[in-house]
1. Please give the number of the condition residue 96 fails out of (1) at pLDDT below 95; (2) surrounded by 13 or more Cβ atoms within 10 Å (Cβ to Cβ).
2. I'm trying to understand the selection: among the residues of segment 8-25, which are without any contact (Cβ under 8 Å) to a residue 40 or more places away in the chain and either farther than 17 Å from residue 84 by Cα or not in a helix (DSSP H, G or I) (or both)?
């Protein structure tokens, strides 16, 4: 039988917070990279009247902002999950029989 170990929950919460700290930066970088790679394909779909110089930086910037929004949301959910685990741990510690 497996015994209860509160240190496991604490380690899990620490890892979730670490992942949350990386989520926004990773998603932003990934969005900008997709914008750089996908820019030529997006440019082909645009009318020729649009300045190509302006769209060179707009695609990575726009997709980077979208990635930032997704990353911030993911970070929030990871922190919420960590806080839920820590709350359950604290409840167990408060109700443990002496």
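1. Result: residue 96 passes all but (2).
2. Within segment 8-25, 22 is the sole residue that qualifies.
The values are calculated or read from the model by the stated rules, or taken from the named source; none is laboratory data. Note that the structure is predicted; figures quoted are calculated from it, not measured. Methodologically, a virtual Cβ is constructed for each residue, glycine included, from the backbone with ideal geometry; neighbour enumeration extends over all protein chains shown.
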